Amino acid sequence: MRLLVFFAQQAGRDLSRDEILRGVWGEGVHNEEVLTVAVSSLRKALKDDPKSPRFIKTVPRYGYHMLQTAEATAEKASSQGLWGLLEQRVGLRFLIIAALLGFLLLVVLVQVVVELVYMLGR
């Protein structure tokens with residue numbers, strides 16, 4: 001969590017590995033493996049792909065760069081509306097299939113109601 005907060009506070013800047021280690025873990029003996037594992041865990045939690053990053057970009061032979069903060073992501077999601085957010089989360093193909101199944105279910109339900117009304121009217 002401290003690493004995420006540190007990245008968010010420094011968003012938009014290239015950060016050296018040493019700067020991150022000092023800023024998150026303080027002055028002490030830390031090897032870069034601690035940072036590598038922590039960044040990997042953070043990427044997994046954020047569902048961020050290092051090959052096409054949305055949040056944390058690796059700066060080769062230097063360190064990392066926080067591309068956007070959670071606030072920027074939330075603003076983007078709210079501007080997309082519900083449909084855009086769902087499309088981003090579950091995919092357009094799934095939404096189309098779910099809408100078609102929902103429509104089919106509605107048609108069947110209306111047909112059942114019409115038949116019940118007809119049977120009760122006899």
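The values are calculated or read from the model by the stated rules, or taken from the named source; none is laboratory data. Here the structure is a predicted model, which means the values were calculated and not measured. Here the Cβ is made from the backbone with ideal geometry for all residues, glycine too, and neighbour counts use every protein chain on show.
Things to note:
- Of all residues in the stretch 8-41, those being closer than 14 Å to GLN68 by Cα and without any contact (Cβ under 8 Å) to a residue 40 or more places away in the chain number 1.
- Contact annotation: residue pairs with Cβ atoms under 8 Å, 6 or more positions apart or on different chains, pairing a residue in the stretch 42-60 that is more than 17 Å from GLU32 (Cα to Cα) with a partner that is aliphatic (A, V, I, L, M) and part of a loop (DSSP other than H, G, I, E, B), are PRO53/LEU67; ARG54/LEU67; PHE55/LEU67.
- Of the residues THR36, THR73, the single one that is at pLDDT below 65 and hydroxyl-bearing (Ser, Thr, Tyr) is THR73.
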